[in-house]
Amino acid sequence: GFPASKLQEQSPTPILVWGLSVLVITLLEIRLFWGAFKGARRKGEDTTLALRASVSVWTLLDVATAVNSALIIGLTFWKQEHAVQGAEYTRRQEFHLAWEEFDRAYVLSVYLTRVMVVFNAIVVARFFKAFRGQPRLNTVMRTMGACLSDVLHFMLILILVMLCYVVSGQILFGSSTEDFQSLWTSSQTCFRALMGDFEWLSMKFGTLGVSRKVTVDIAFAAFWFGSYMVFVSIMLMNMLIAIVMDAYVMIIEQGKEECRLGIHAQAKLLYAMIRMSRRGFSEREMAMALHDGEYA
């Protein structure tokens, strides 16, 4: 059984329903953006300042959702068209043309899977956007935002230290073990060691030779491995955890009153945020209004 008949029997209804739902969501987001833009214009701001006030990371996320959804719909129908055409050429025994059509369908399916992976990440990001209306769930997002600058500076230091160990590991063990033969494999091995997956015997005896004799200086190997585990795996990783926990504690202290809100109070808060968003309030203005109790 050639799957050509099954390709023709596939109904486009599910993808159409999904596309219509995404279109409705996109239109609602455009309406909210237009409301925020008009609200900024009513306050006397020029077009540039109004756009800056109404555009945020979440607005760009909405745009990415619409673009990615359009790509998925277009690639799905395009791939289906080539697959059905290839099945038609197969029935006519025009196998050269059928091969070309199936090859195009395969290429489109590869692009489709990549776009769907990106869409999966966008869906997760939209969950975080929805979490802003719930104080306890919003704690994670606020913690990530509070520690972002410190984490970026820390990652610069971590990368420099890791680079030092990657190069030195390639110099020490590159001629005796496959795990350090190049800078790329050396970086992979160092990252695995950072996660607790390491091969001490391969560093000691090597993996390229057939004899079980020591091929590297044991003292250098022990110093390299010991200093890496202590300095990078223990000290630097715990510093990273300390940075995140410090920001988390700070956010928890700032949001104690919000986290004590009951379900009814949280629903009122979410409703107030929706009302202010429709009236063109920016996120900063909504935060100030809620803090002052104007929309309580």
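Taken together, the values in this text are just the output of simple stated rules run on the coordinates, not laboratory data. What you see is a predicted model; the values in this text were computed from it and never measured. Heads up, the Cβs are rebuilt from the backbone with ideal geometry, glycines too, and the neighbour counts pull from every protein chain shown.
Given R0 = 22 Å, the distance between the Cβ atoms of MET229 and ILE157 translates into a calculated FRET efficiency of 0.80.
Would you mind checking region 146-180 for residues with the amide N under 17 Å from a putative spin-label position 7 Å along Cα→C-beta of ALA219? Inside the label zone: 172. Can you grab the distance from the C-alpha centre of region 230-255 to the C-alpha centre of region 67-83, Å, no decimals? Answer, in whole Å: 44.
First select every other residue whose beta carbon is under 12 angstrom from the beta carbon of ARG104; then total the charges, Lys and Arg +1, Asp and Glu -1. With Lys, Arg at +1 and Asp, Glu at -1, the net is -3.
What the Cβ-Cβ distance of MET237 and VAL110 gives, at R0 = 45 Å and to the nearest 0.05, is a FRET efficiency of 0.75. Charge tally around THR185: other residues with Cβ under 10 Å, Lys/Arg +1 each, Asp/Glu -1 each, net -2. Label-to-label distance, ALA121 versus GLU199, with points set 7 angstrom from Cα along the beta-carbon direction: 3.1 nm.
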